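Trainee: Okay, here's the structure, questions in a sec.
Each reported figure results from applying straightforward, stated rules to the coordinates on display, with no laboratory input. Computed from a predicted structure; not experimentally measured. Neighbour counts are summed over all protein chains in view; Cβ atoms, including those assigned to glycine, are modelled from backbone coordinates with ideal geometry.
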Amino acid sequence: MTERPHLLLVPQLAELEWVIQSLLEEWADVATYDAPGVGDEPPVDDFGAEAVARRGLEEIERRGWERFFVVADEFGAAAATRVALAAQDALDGIALGHARLTNSLGGDRPAVNREVHEACLSLIRTDNRTFVRQLFKMTGGEDTAGGYGEELAERYLQRVPIELELPFWETRSFEGEQIGERLAHLDAPMLFARHRGCLLFTDEGFDDAVAAFPHARAVTCAEKPGTSPEFAQALREFCAQAVAAAS
């Protein structure tokens with residue numbers, strides 16, 4: 001193990017989602033990336049979680065990392081758990097914001113709020129610019145308030161084409177993702193984070209994940225983990241403990 005852990009921040013679509021990257025770089029070597037078809041990344045025919053995971057594995061190989069942690073938030077878990085499973089012999093741990101076992105929209109304990117999801121999808125179809133601006137406004141905190149949040153939203157809109165945003169919300173991120181099944185095959189430390197008051201992801205989904213993996217460390221953040229200094233600190237402690245336990 002190196003003194004500075006290696007963190008792969010898996011995006012949903014764009015590396016811009018990781019507002020806390022600079023905080024993590026204070027104590028870790030950090031890599032993140034854009035999904036295929038985003039920004040300067042060439043598109044692929046089979047865009048989806050598998051393609052985003054392949055791009056993450058390529059980033060790890062490019063950097064020559066022999067050990068690393070995988071970190072994801074929101075729907076990035078679909079690709080992150082694939083990366084972790086494909087490279088589990090090199091995996092130091094996995095951390096998931098908005099942790100859950102599935103992306104279920106129905107049943108007694110849905111992991112995703114159907115009404116909020118449908119409202120997001122409707123707004124994307126009618127006015128994607130407003131959707132993105134509101135998304136950065138709602139999920140931020142001090143770091144994404146005011147002009148900085150507007151700047152991030154504009155940069156995101158320039159990098160992420162609507163041709164990817166819409167199918168991402170329509171199909172890729174929801175029903176059929178068995179996140180828990182992939183986690184069950186991992187023998188590695190886990191950190192699960194909840195976003196207090198989140199409208200899209202349910203407390204039931206988080207509670208089910210914690211119940212299924214009682215050895216996972218669970219934390220609650222006032223902000224979305226990808227923008228949360230609380231999550232950055234919890235991740236630092238989690239990595240330090242995992243490194244110490246493996247030494």
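Trainee: Which cross-chain or sequence-distant (5 or more) residues have an amide H under 5 Å from the amide H of PHE69, H modelled 1.01 Å from N in plane?
Mentor: Excluding prolines and chain starts, which carry no amide H, the hits are HIS6, LEU7, LEU8, ASP92.
Trainee: Turning to a different aspect of this structure: How far, in nm, would the chain grow between GLU50 and LEU199 when pulled straight, counting 0.36 nm per residue and subtracting the alpha carbon separation?
Mentor: 51.0 nm
Trainee: Among SER247, SER122, which comes first, then next, by fewest other beta-carbon atoms within 10 Å?
Mentor: SER247, SER122
Trainee: Only counting other Cβ atoms within 10 Å, I'd like HIS185, HIS6, HIS98 sorted with the fewest neighbours first.
Mentor: HIS185, HIS6, HIS98
Trainee: Determine, for GLU61, GLU177, the number of other Cβ atoms within 10 Å of each Cβ, and report the residues in order from fewest to most.
Mentor: With the fewest neighbours first, GLU61, GLU177 line up as GLU61, GLU177.
Trainee: Run the simple label-point estimate for GLU3 and SER22 please: 7 Å along Cα→C-beta, distance reported in nm.
Mentor: 2.5 nm
Trainee: Normalising by the residue count of segment 6-246, find the relative contact order in percent from Cα pairs under 8 Å and 6+ residues apart.
Mentor: Taking the mean separation of contacting Cα pairs over the length of segment 6-246, I get 25 percent.
Trainee: Quick one: which residues, 5 or more positions from CYS221 or on another chain, have an amide H under 5 Å from its amide H? H modelled 1.01 Å from N in the peptide plane, none for Pro or chain starts.
Mentor: Under 5 Å from the amide H of CYS221 lie the amide H atoms of ARG194, HIS195, ARG196, each far enough along the sequence or on another chain.
Trainee: If you don't mind, another one. In terms of modelled amide H atoms, which long-range or inter-chain residues lie less than 5 Å from the amide H of VAL19?
Mentor: So VAL19 has HN proximity to no qualifying residue.
Trainee: What are the ³J(HN,Hα) couplings of segment 6-21, residue after residue, when phi is run through the Karplus curve with 6.51, -1.76, 1.60 and θ = phi - 60°? Round to Hz, x for glycine and proline.
Mentor: The phi angles translate into 9, 10, 9, 8, 7, x, 6, 10, 9, 5, 4, 4, 8, 5, 7, 4 Hz.
Trainee: Mind checking the alpha-carbon convex hull of segment 6-246 and giving the volume per residue in Å³?
Mentor: Numbers: hull volume 27.4 nm³, N = 241.
Per-residue hull volume (Cα only) is 114 Å³.
Trainee: Which of rounded, prolate or oblate describes segment 175-247 when judged by the alpha-carbon gyration tensor and an a/c cut-off of 1.5?
Mentor: Oblate.
Trainee: Sum -39500 (n - 2.57) across every DSSP H segment of at least 4 residues in the chain, then divide by the residue count to get the 222 nm mean residue ellipticity, nearest 500.
Mentor: Per the formula, -13500 deg cm²/dmol.
Trainee: Which ³J(HN,Hα) values in Hz, rounded to whole numbers, follow from the phi angles of segment 65-81 under the Karplus curve 6.51 cos²θ - 1.76 cosθ + 1.60, where θ = phi - 60° and Gly and Pro get x?
Mentor: Running phi through 6.51 cos²θ - 1.76 cosθ + 1.60 with θ = phi - 60° gives 6, 8, 9, 6, 9, 10, 10, 8, 9, 6, 7, x, 4, 4, 7, 4, 5 Hz.
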